[in-house]
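Read the figures in this text as sums done on the coordinates, not as results from a lab. Predicted, not measured: the structure shown is a model, and the values here were computed from it. All Cβ positions, glycine included, derive from the backbone under ideal geometry; neighbour counts span all protein chains shown.
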Amino acid sequence: MANSEIKTPHMVNLEGRKNLSITGVKEVGSFDDREITAHTDMGKLLIKGSNLNIKKLNLDTCDLEITGKICGINYLDGCGEGSGFFKRIFK
């Protein structure tokens, strides 16, 4: 099995809205102090907040640690697309 096919366990752990640990990260797409995107086996993940900082990124172990004020964590693909009330109205 090729290395890119191996799936790693995915876990999101948020402590006090200040420390975020994510496992199963394949890559970080973009980042600044207000927004970070991470690609995982479970989909693309968007982290929003303020004063965000990547404390640790290890793609060999698929670990990502973020510090700052975490305001939101959202998966951007795969869940409930097309099922929202406004999405049906504004086709």
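Roughly how big is region 6-62's charge dipole about its Cα centre, with Cβ charges of +1 (Lys, Arg) and -1 (Asp, Glu), in debye to the nearest 20? It would help to have the intermediate numbers written out before the result.
Values: 9 positive and 7 negative charges, 29 e Å.
About 140 debye.
Once label points are set 7 Å from the Cα along Cα→Cβ at both residue 34 and residue 15, what is their separation, rounded to one decimal in nm?
Each label point is offset 7 Å from its Cα along the Cβ direction, giving 2.8 nm.
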